[in-house]
Amino acid sequence: MKRLSRAGVAITALLISTSVFAQADRTVLPIPAVTFDGRIAENMLDAMPGSQAPVRAPTGAPNVLLFMADDVGFAMSSAFGGPVPTPNMERLAASGQRYNRFHVTGICSPSRAALLTGRNHHNAGVGYLSDLPTNFPGYGGRILPETATIAQVLRLNGYNTAMFGKHHNNPGEERGPAGPFDNWPTGLGFEYYFGFPHGDTDQFEPAMYRGVTRVDPEEGKGEMADKRLVDDLIRWVHNQKAGAQDKPFFAYLAPGSTHAPHQAPPEWIARFKGQFDAGWDTLRESSLRRQLASGVVPRGTRLTPRPAEIPAWASLTTAQKAFAARSMEVAAAQLAYQDEQLGRVVNELTRMGQLENTLIAIIQGDNGASAEAGPKGTINELRGMGAHDEDEAWLQANTDRLGGRMTYGSYPAGWTWAMNTPLRWMKQRASMLGAVRQGMILSWGEHTARPGGICAQFSHLIDLAPTIFEAAGVPAPRMVLGAAQKPLDGQSLLPSLARCDARKPRTQYFEISGSVGLYHDGWFASADNGRLPWEMASQQGGARPEIEWSLYDLTKDFAQGQDLSARNPAKLAEMQAIWKQEAERNNVFPLNHIFGPGRGGYGARAGARKHFDFWGKDISIPATNDPILIARSFTLTADLRLDTAASSGVVAAMGSQFGGWSLWLDHGRPNFTWARSTDPKEITQIRADRTLPTGSSKLTLRFASQGPGKGAEIIISADGTEFARGAVPLNYFAPAGGGETLDFGRDLGVIVTPYPTPRGAIEGDIVHVVVNLD
């Protein structure tokens, strides 16, 4: 037998390794290393390398771009008959296929967990917002190890993986600098992350993270959050392809728009001037006409009636109409701007020659449009935590400011209802299609049999994981990083690109905060506890409300308009039994009808610790983690070392101008600013009339709460001498934006008040801060 040359030995080894790897078991991840089958010898000429090779994706595996927006209703984008032009979504719809019976869970964190894992949200451990976990199997707020994410599976199968934007799948207490970081994107299979790991963020001053590290606030200054996300995504793709041109990528883009705050560049807002002056009743009618004409909804679909809790447009005053119309102009501008950024990604993939080999899934929203601002709308998302008691004159005084830096707004519930045309209700109400039905676009080069078609097959977020796995040529794993995997709950949608099967049998449950629904082979059963989507809590103490069931035949009633429960009690009973079976199987019980902090928020998250030490300046921790310095008595003492007697800057600041407080120095004079909102009537300034000395001093803030729903006395002293005293009328606010922090030596994110130094950077040092809770 002829002896191989050295080059021949190397080529043979490579062929063997490639062959061995091709036959590797991809159901166990990481793919187990083969036993060394080469030969060790003292001399390299007599040695033979083993056949183990680096993990590579299957031949022909495509790139994957997964996109999910936030709080965009079924009928907001022009791609699904809405009033907001989204030409880039329409372009992808023209080359791919639209799904008009695609479904989500009804609220943020659960939808994101279902999307990433291919499992039902309770089954993945995220039955409610990750901000407020409870110790039940379906509600821990953490994606479970036994429900590995798309990113984990693809990375371990030879993909590069990256995420950009909103995460909202790590519990609130795990968002600080001490972690743990297991449920951050980088702990869930994404090799790279740039975005914000909470529910929303200011679009002008976003609280961005790269990996698990807070990004310098000066990075990207002057750019909107959505543009920054896409800039970073394009940069990452350029580098990924430069490093490994034949290696596929998985990129997940999840912008925070059009969740509150509704903010957009002023020139984009100006494009929509006057376009919504006719109001939400008229808009809903015109949207349905467009939907019918384009086939987005089937012929015969009728509008469902406006809920009695939402006022008719004609009943509003002139000032109320002006405020409402402007708020919709801003929301439209935000979605149009978002679409522009998506188009930049598609354009770049086209320019790079990567588009045809990229599977793109566009999910218009993680839930229906949001009515959390209530019937009036808001300029401050969490002002009053659902009380919606903003002064109406102040709202209207800010009409021209809407969409800018001084508002953290969201539109009135009437627009929410119109954005979900022709469906009933909106976000949170999982018993209604307005919360759980979304538009979705799937596009993959020549794999679409009917480009521009509309598929009426029932589909759900949990279907994207098996769809992507099938496209990539990898199986759903049975073991990932040592954790035995639960079966996928979803079904691949790739066959629907070739042939859409609108009658395919399917069962899918829904539940959010006690609002429940069940889809089963064209029928939909609905049960609701009566809580309105803008009410922050329901049935305090967890009392079980009376629940009424209704029944709909969605094969004939696209919009869920005709209740058939009285005519068909046997069918309803069958559906109720299936729902209970699905609920038990997916860890839905116990049902909790509380929505918001009543489930376990500020007070419930606080531990037993009463003493806290902070060493040095430039420290930031989440504003809603211990120590929670609102609505309770505390004493804060700071050992300072100032450069001069005229030093300025922040000693400690929590929250922002939309809800926050700051202890700061104005040319040596201690100040305390308390802002419940940007309304001057809700801002308290307490100023000292003397300065601190150069060098060392001990500054003390005493915050003495007067009880729940009452005010607080404020005392500022230094080195044992009282400097100033005052009071705030209400001792509580909600920090707007999940990324706001308790900061020392500066004020990150949106600042609480203007400072003499940039972001309140202190001119000197903070040696030590002690916080003692009463």
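Mean separation of Cα pairs under 8 Å and 6 or more residues apart, divided by the residue count, gives the chain a relative contact order of 15 percent. Within a straight-line Cα-Cα reach of under 16 Å, Lys617 can be paired with the following lysines, leaving aside sequence neighbours fewer than 8 residues apart in one chain: Lys698.
Here the accessible area of the chain is 53 percent carbon and sulfur, with a 1.4 angstrom probe and all protein chains present.
The stretch 699-774 and the stretch 22-68 have Cα centres spaced 56 Å apart.
Residue separation times 0.36 nm, minus the C-alpha to C-alpha distance between His768 and Thr213: what's the value?
197.5 nm
What shape does the stretch 677-774 take by its C-alpha gyration tensor, where a ≥ b ≥ c are the square roots of the eigenvalues and a/c under 1.5 counts as rounded, a/b above b/c as prolate, and the rest as oblate? Note, shape of the stretch 677-774 comes out oblate. Net charge dipole, the stretch 680-774: roughly 180 debye, given to the nearest 20, about the Cα centre with Cβ charges of +1 for Lys and Arg and -1 for Asp and Glu. Legend: calculated FRET efficiency, Lys698 to Ala178, from the Cβ-Cβ distance at R0 = 30 Å, rounded to 0.05, equals 0.65.
Taking label points 7 Å from Cα along the Cα-to-Cβ direction, Thr635 and Arg450 give a separation of 7.4 nm. Placing unit charges on each Cβ (+1 for Lys and Arg, -1 for Asp and Glu) gives the chain a dipole about its Cα centre, and among Ser370, Leu532, Gly73 the Cα reaching farthest toward its positive end belongs to Gly73.
With Cβ to Cβ distances under 15 Å as the rule, what net charge do the other residues near Met328 carry (K, R +1; D, E -1)? Net local charge, Met328 excluded: +1. Using the Cβ atoms and a cut-off under 14 Å, what net charge is assigned to the surroundings of Leu692, where Lys and Arg are +1 and Asp and Glu are -1? So the surrounding residues net to -3. Once you reduce the stretch 331-401 and the stretch 483-508 to the center of their Cα atoms, the two points are 29 Å from each other. Solvent-accessible surface of the chain, averaged per residue with a 1.4 angstrom probe and all protein chains in place: 37 square angstrom. Each of Thr282, Thr35, Thr105 has its accessible area taken with a 1.4 Å probe; listed largest first, they run Thr35, Thr282, Thr105. Cys residues of the chain that find no other Cys beta carbon under 4.7 Å: Cys108.
Going by a ≥ b ≥ c, the root eigenvalues of the Cα gyration tensor, does the stretch 258-332 fall in the rounded group (a/c under 1.5), the prolate group (a/b larger than b/c) or the oblate group?
The shape class here is oblate.
Quick check on the chain: helices-only [θ] at 222 nm, where DSSP H runs of length 4 and up contribute -39,500 (n - 2.57) each and the sum goes over total residues. Nearest 500, please.
Using -39500 (n - 2.57) per qualifying helix, the result is -6500 deg cm²/dmol.
With the Cα gyration tensor of the chain giving a ≥ b ≥ c as the square roots of its eigenvalues, does the rule (a/c under 1.5 for rounded; else a/b larger than b/c for prolate; else oblate) give rounded, prolate or oblate? Because a/c hits 1.5 or more and a/b fails to exceed b/c, the chain counts as oblate. Site pair Glu267 and Arg401 shows an inter-label distance of 2.5 nm when each label is modelled 7 Å from Cα along Cα→Cβ. What whole number of Å gives the distance from the Cα centroid of the stretch 175-213 to the Cα centroid of the stretch 618-658? Here the two parts' Cα centres lie 23 Å apart.
The values are calculated or read from the model by the stated rules, or taken from the named source; none is laboratory data. The shown structure was predicted, so the numbers you read here are calculated from the model rather than taken from an experiment. Virtual Cβ from ideal backbone geometry, glycine too; neighbours counted across all protein chains shown. When the accessible area is computed, the model is the full protein with side chains, heavy atoms only, and any ligands, DNA or RNA have been set aside. Shrake-Rupley method; radii C 1.70, N 1.55, O 1.52, S 1.80 Å.
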